[in-house]
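Presented below is the structure to which this report refers.
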Amino acid sequence: MEIKIYEGSDLEELIERAKKELGDDIKILHYETVEEKKFLFFKGKKKYRLFVEPVDEEELAEPVIKFEELLEKVEDLIDKKIKMTLPKVAREMANPENIPSHIQKVRPSTAVFNEFTGDALHLVEQLLDKDVLPETAKKLIMEGCGLDIDTNKWDLNTVTQKEALIKGIKKHIRFTGAFDKDNQGLKIFAFIGPTGVGKTTNLFKIASQLVIDKKKKVAVISTDTFKVGASQQARTYANILNIPFYSISESKKLKNTVEDLKNFDFILIDTVGRSHYDYWRLGEIKEILSSLEENINHVLTISCNYKNEDALEVVNKYQTFFPIHSLFFTKIDETLKPGLLINLPVETKLPVSYVSTGQRVPEDLKVLTPEVIASYIIGS
């Protein structure tokens, strides 16, 4: 490193001298003041000493940023961080070199279902394409299978794949049938579930069918006094059907109202939509409905476009507050993978009742049966 030293009585002049000799881009390392020796009683002259380093031309050049190299380094760093958070076994499997060759080249369906052959294996593929969970698919398909002697694997023993699936559904899923299948006394159904799943609309689909098609005496009670316009929407539907409508937010008043309606065939209760993580609000709904606990049927509404794990979490959380009478599926028209129709009742052991197929009231509603579910999963 070459250092130049300049001395003089004016610091600004020293800096200008340095710039003229070395260029404008200089590094001023240090400067100090020095005094000449005193002569008799005269004070010495003040001087400056300036230390300057010339700047190398290579240092002045703008650094070239190689974005591709930088991106590769960042990606490698992220991969390492992710792998460190995985369990040891998963960490090993995350490296393609550690995955057995027979699994690398085969679709998961074949790897998991290698005990099946023929039409059974084809049915497996269809179920997985509709987002049916692998273990659930295996459980259902086995009900319609027999052992193929030639291959020593399981194949369908039914005429069609749909028949095989229906056999499995009948074995592992329970069905409530229509809410009016029994004609004994007053029945009360409360529609519960998360926000936005379509509780109000589908409650009035049920009400419309009961009133128009079955000629039943129906009353509707709304406990949703929180959402702006909710009661008004419900009241409009009730006016169209010419049925009684009540807006209630207190347990005691709910009990008295139900007592006044004891000569009716059905009371349908619309509740406010609440997140399954909002324990406080779920507790409020439970408190309002508590006076009818022995006679009420809680219908949990679930959207078919939920992910499997999210829907299961909703059911588990709601079950801690309410005894679930049935699962009511909505928005089947908004998904191409309706595997939830099978996964949720098989996993939770809860019966199913209806599926909503659109927004029209009352047309877009079906009572769930093994045949209906099979049709949605593998077609008519």
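Things worth noting here:
- Set D131, D155: member being in contact (Cβ under 8 Å) with a residue 40 or more places away in the chain and either in contact with a helix residue (DSSP H, G or I) (Cβ under 8 Å, 6 or more places away or on another chain) or assigned to a helix (DSSP H, G or I) (or both): D131
- Of residues in segment 339-380 being over 18 Å from V314 (Cβ atoms) and among the acidic types (D, E), the one most open to solvent (accessible area, probe 1.4 Å): E363
- Residue check, K181 open to solvent by less than 50 Å² (accessible area, probe 1.4 Å) and among the charged types (D, E, K, R): no
- Residue pairs meeting the criteria (Cβ under 7 Å; at least 6 apart or on separate chains; first free of Cβ contacts under 8 Å to residues at least 60 places away in the same chain, in segment 243-267; second open to solvent by 100 Å² or more (accessible area, probe 1.4 Å)): S251/E287
- Test: residue in segment 349-369 that is part of a helix (DSSP H, G or I), of a type in the set (G, A, S) and modelled with pLDDT under 95: no
- Single residue of segment 202-239 satisfying the filter (of a type in the set (V, I, T) and at pLDDT 90 or above) that is nearest to G185 (Cα to Cα): V218
- Condition check for T195: within 16 Å of I285 (Cβ to Cβ), open to solvent by 20 Å² or more (accessible area, probe 1.4 Å), in contact (Cβ under 8 Å) with a residue 12 or more places away in the chain and part of a loop (DSSP other than H, G, I, E, B): yes
- Any hit, segment 212-219, residues being open to solvent by less than 20 Å² (accessible area, probe 1.4 Å) and not in a helix (DSSP H, G or I): yes
- Any hit, segment 297-311, residues being without any contact (Cβ under 8 Å) to a residue 60 or more places away in the chain, under 27 Å from Y376 (Cβ atoms) and among the aliphatic types (A, V, I, L, M): yes
The values are calculated or read from the model by the stated rules, or taken from the named source; none is laboratory data. Since the model is a prediction, treat every value here as computed from it, not as a measurement. Heads up, the Cβs are rebuilt from the backbone with ideal geometry, glycines too, and the neighbour counts pull from every protein chain shown. Surface accessibility is based on the protein's heavy atoms, side chains included, excluding ligands, DNA and RNA. Shrake-Rupley method; radii C 1.70, N 1.55, O 1.52, S 1.80 Å.
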